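Student: Below is one structure. I have some questions about it.
The values are calculated or read from the model by the stated rules, or taken from the named source; none is laboratory data. Keep in mind the model is a prediction, meaning the values are calculated, not measured. Cβ sites come from the backbone with ideal geometry, for glycine too, and all protein chains shown count toward neighbours.
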Amino acid sequence: NNRNGISKSSDQRNTTLRMEEITNHLEGRLDTIEEGFKWMSSGVLEDTLACVDSTAFIAAKIEIKSEKFERLKFRHEDLVKESRTWSEKFHVLRNLQKELITLLPQAMIKSKDTLTSENVASNPLKTINNNNENKNISNNTQSHQPSKLPLKKNKNLTIPSLIQFKLPEFDSIPAYMKGRLNYNSLNQALEEFNSVLKTKYTFFNQGFNPNANFKTKTKYQEMKKLETKETKGLCFLVMDDIKALPSFKTDSSRKSIFSILRHFHKIKEIRGPGSIVRYAVIEGI
């Protein structure tokens, strides 16, 4: 009987504790709901939602402006390219204008000679009477004919050649540097480089000829512009000279070839201004 009494009292205490826990939980939930109603009635909720809407609107405006900026950026790049194209065309036209000015006196003389010939054919008597005047005009025009300008010769540069690799040298090249290059393809690249270098400096050693055509003079002037104090006495090529060569067409092959040539002190790179890189031959110098 005592045991049964103890067991019943224990069950009652557990039930009481459980009921208290449930009561406390419900009271907490009611307090939370009551606070929620107070918050909603106070207007804070509306302010919060308005703030969220405003933030979303601002974010959308920022995204639209960002897209407009990207479009303007691309447009700016297009305009820069177009400006460079027009600048190059203007440069060509300006050089052409200079060349035409030098040819103008000679063209005027030829035009006057043509008119004189036509007058002789149409009115021979008048031509005979004015023979002395025509001689004077001829003498005057001949005195104004432009004489050929002297050739400006350069101090001839000795054109070097890259010496081909021997098999032991090729075998000593680190594998990471060679990449996919083999012995024959490397020496073929050297032959192509030497051929372009010889052609370029054979032309350059002839000097500037003011009586040459526009294309030849422009080619010489462009080569002359690439020279700097560092290139004095050296022969070099730039990317425009070699990018069309079979051995130098891909970036990976060019990178491997130039790395090997620098490693064996056959060439050196002379940079600037801008992105220009000159590959100057220093082997044997």
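Student: Report yes if Leu190 is under 19 Å from Leu245 (Cα atoms), modelled with pLDDT under 95, assigned by TED's automatic domain parsing to the domain that holds Lys243 and not basic (Lys, Arg), otherwise no.
Tutor: no
Student: Can I ask one more? Among the residues of region 229-285, count how many are polar (S, T, N, Q) and surrounded by fewer than 15 Cβ atoms within 10 Å (Cβ to Cβ).
Tutor: 4
Student: Also: Would you please list the contacts, defined by Cβ atoms under 9 Å and residues six or more apart or on different chains, that run from a residue in region 54-77 that is at pLDDT 80 or above to a residue that is assigned to a helix (DSSP H, G or I)?
Tutor: Listed pairs, sorted by first residue: none to list.
Student: Which helices (runs of 4 or more DSSP H) does region 150-224 wholly contain that include 3 or more residues that are surrounded by 14 or more Cβ atoms within 10 Å (Cβ to Cβ) and among the hydrophobic types (A, V, I, L, M, F, W, C)?
Tutor: 183-205
Student: Restricting to region 225-248, what's the tally of residues that are of a type in the set (A, V, I, L, M), touching a residue at least 12 places away in the same chain (Cβ under 8 Å) and assigned to a loop (DSSP other than H, G, I, E, B)?
Tutor: 4
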